Amino acid sequence: MEHDHLEREEKESFPKKEVQETISSLPRARGLALSEDLCQYQGFWVGLNALVGVILAQQHFQAQPTDIILSSIPKSGTTWLKALSFAIVTRNRYDDVNSPLLTEISHECVPVFIEFSFIQNKSCRSPDLPLLCTHTSFSCLPKSVIATPGCKIVYICRDPKDTFISMWHFVNSPKSTDPFLLEEAVELFCQGLSFQGPYWDHVLEYWNASLEMPEKVLFLKYEDIKSNPVFHVKRLAEFMGYPFALEEESKGMVQKVVELCSFEKLSTLEVNKTGKYKLRDELEFENRSFFRKGAVGDWKNYLTPEMAARFDQISEQKWKASGLSFNVTSS
Ligand code: PAP
């Protein structure tokens, strides 16, 4: 399932001059990100590589009633959510022996990344897969996503301390020539200067949207899926419009999806140990960089109590009134 599966009817690219002008007028900073500057756009720090696509999608992306958009802040469980969603919607086509998830990273199985795919393709969709993905904040999504009945959003988030530690490792990948020290990285993340930051605002927007429009936005926590994967896979399937029939449940199909998509299974596949994933021409990743530990609470191995308390204080301050919390506190 390579990118040539995408519909590429209209190959000519969008006019980008005006967009480039908009971008050149935005505040710019070095943040906790790969070797690119971040630009502050409509309240969020977006990587320069993604921003053209974010703006073009706002202007031109037309959501379809069948679209299911998988959204996350990077390092919150994107790879896992893509695997689970793909396994659920394709379960009548593939099983745990012939699934493309066994030979391709889930980013290839769900190839439509709105802000990257959309730069080149006006109609970028996999013909037989309703799944698309994005890291864009809720308020920066194309308006048609909200306005189109039937189009749904699944958002996954993760405890900020674990998201941070995962992001810190990712940006300090072996190729990095200018690695971030932990203290510096904490400072940037807590100031909101990270991929799609402020992290807390990104999460809060989707949380509020899920409360206002529960039929449109499903809000999932990484930790909840870890602790009860069967329950959450059933919930995800039902929300997406692919509920498991009782007969499927009794045949153990939910459990099979859980096992196929587990960290233990995916991280030990050859493709995910040695393969590479090309997001765009100049942007390629080692697949193994998406599978580090897959654990809850790894932050305890890195953050000082003071650092952890700082994260918790921001969570308290930003989220208290909304009722959102993670039960993984520093105390
Ligand atoms: P992305 O947004 O760049 O695609 P994303 O998948 O959200 O990254 O985050 C990677 C994290 O998810 C890694 O966490 P860690 O650094 O704390 O280990 C990775 O290990 C974890 N991960 C990847 N696949 C799975 C999975 N199948 N189950 C649980 N965790 C997973």
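The values are calculated or read from the model by the stated rules, or taken from the named source; none is laboratory data. Remember, predicted model here, so these are calculated numbers, not experimental data. Here Cβ is always computed from backbone atoms with ideal geometry, including for glycine, and neighbour counts include all displayed protein chains. Accessible surface is based on the protein model in full, side chains and every heavy atom, while ligands, DNA and RNA are left aside. Shrake-Rupley method; radii C 1.70, N 1.55, O 1.52, S 1.80 Å.
Looking at the stretch 125-147, can you tell me whether even one residue there is open to solvent by less than 30 Å² (accessible area, probe 1.4 Å), modelled with pLDDT under 95 and not in a strand (DSSP E or B)?
Within the stretch 125-147, one or more residues are open to solvent by less than 30 Å² (accessible area, probe 1.4 Å), modelled with pLDDT under 95 and not in a strand (DSSP E or B).
Note down all Cβ pairs under 6 Å where the first residue falls in the stretch 86-108 and is of a type outside the set (Ser, Thr, Tyr) and open to solvent by 60 Å² or more (accessible area, probe 1.4 Å), the second is at pLDDT 95 or above and more than 13 Å from the ligand (Cβ to nearest atom), and they're at least six residues apart or on different chains.
Asp96/Lys256
Among (1) within 16 Å of the ligand (Cβ to nearest atom); (2) of a type in the set (D, E, K, R); (3) closer than 24 Å to Arg30 by Cβ, where does Asp224 come up short?
Condition not satisfied by Asp224: (3).
State whether one or more residues within the stretch 181-201 are assigned to a helix (DSSP H, G or I), touching a Phe, Trp or Tyr at 6+ places or on another chain (Cβ under 6 Å) and under 16 Å from Leu38 (Cα atoms).
Looking for residues that are assigned to a helix (DSSP H, G or I), touching a Phe, Trp or Tyr at 6+ places or on another chain (Cβ under 6 Å) and under 16 Å from Leu38 (Cα atoms), one finds at least one in the stretch 181-201, hence yes.
Out of the residues in the stretch 41-51 that are more than 18 Å from the chain's Cα centre (by Cα) and farther than 20 Å from Thr163 by Cβ, which is surrounded by the fewest Cβ atoms within 10 Å (Cβ to Cβ)?
Step one: of the stretch 41-51, the residues more than 18 Å from the chain's Cα centre (by Cα) are 41-43.
With the extra rule that they be farther than 20 Å from Thr163 by Cβ, the set shrinks to 41-42.
Numbers: Tyr41: 20, Gln42: 13.
Filtering the stretch 41-51 for residues that are more than 18 Å from the chain's Cα centre (by Cα) and farther than 20 Å from Thr163 by Cβ, the one surrounded by the fewest Cβ atoms within 10 Å (Cβ to Cβ) comes out as Gln42.
Cβ contacts < 6 Å: first residue open to solvent by 10 Å² or more (accessible area, probe 1.4 Å) and in a helix (DSSP H, G or I), restricted to the stretch 156-168; second residue near the ligand (Cβ under 8 Å from one of its atoms) and of a type outside the set (Ser, Thr, Tyr), any location; separation 6+ or different chain. Result?
Listed by first residue and then by second, the contacts come to Ser166/Lys75.
Yes or no: the stretch 283-293 includes at least one residue that is modelled with pLDDT of 95 or more, crowded, with 18+ Cβ neighbours inside 10 Å, hydrophobic (A, V, I, L, M, F, W, C) and away from the ligand (no atom under 13 Å from the Cβ).
Within the stretch 283-293, none of the residues are modelled with pLDDT of 95 or more, crowded, with 18+ Cβ neighbours inside 10 Å, hydrophobic (A, V, I, L, M, F, W, C) and away from the ligand (no atom under 13 Å from the Cβ).
With the checklist (1) part of a helix (DSSP H, G or I); (2) within 20 Å of Ser325 (Cβ to Cβ) in hand, flag the one item Phe219 doesn't pass.
Going through the list (1) part of a helix (DSSP H, G or I); (2) within 20 Å of Ser325 (Cβ to Cβ), Phe219 breaks only (1).
For the stretch 196-211, how many residues are open to solvent by 10 Å² or more (accessible area, probe 1.4 Å) and hydroxyl-bearing (Ser, Thr, Tyr)? Can you show your working first?
First pass over the stretch 196-211, keeping only residues open to solvent by 10 Å² or more (accessible area, probe 1.4 Å): 196, 198, 201, 204-205, 207-208, 210-211.
Add one more test, that the residue is hydroxyl-bearing (Ser, Thr, Tyr), and what stays is 210.
Final tally of qualifying residues: 1.
Return a yes/no flag: does the stretch 246-267 have any residue that is more than 16 Å from the ligand (Cβ to nearest atom), open to solvent by 50 Å² or more (accessible area, probe 1.4 Å) and either in a loop (DSSP other than H, G, I, E, B) or at pLDDT below 95 (or both).
Checked against the condition, which is being more than 16 Å from the ligand (Cβ to nearest atom), open to solvent by 50 Å² or more (accessible area, probe 1.4 Å) and either in a loop (DSSP other than H, G, I, E, B) or at pLDDT below 95 (or both), the stretch 246-267 yields at least one hit.
Working only within the stretch 294-322, note down all residues that are in a loop (DSSP other than H, G, I, E, B) and open to solvent by less than 60 Å² (accessible area, probe 1.4 Å).
Gly294, Ala295, Gly297, Leu303, Thr304
Using the structure shown, decide if Ser227 is out of contact with any helix residue (DSSP H, G or I) (no Cβ under 9 Å at 6 or more places or on another chain) and within 15 Å of Gly77 (Cα to Cα).
yes
Could you please let me know if Ser173 is under 24 Å from Leu279 (Cα atoms) and open to solvent by 10 Å² or more (accessible area, probe 1.4 Å)?
Working: under 24 Å from Leu279 (Cα atoms): yes; open to solvent by 10 Å² or more (accessible area, probe 1.4 Å): yes.
Judged against the criteria, Ser173 is a match.
Scan the stretch 279-306 and report the pairs whose first residue is within 28 Å of Phe116 (Cβ to Cβ) and whose second residue is open to solvent by 90 Å² or more (accessible area, probe 1.4 Å), with Cβ atoms within less than 7 Å and a gap of 6+ or a chain change.
That search, which allows pairs on different chains as well, returns Glu284/Lys276; Glu284/Lys278; Phe285/Lys276; Glu286/Lys276; Asn287/Lys276; Arg288/Lys273.
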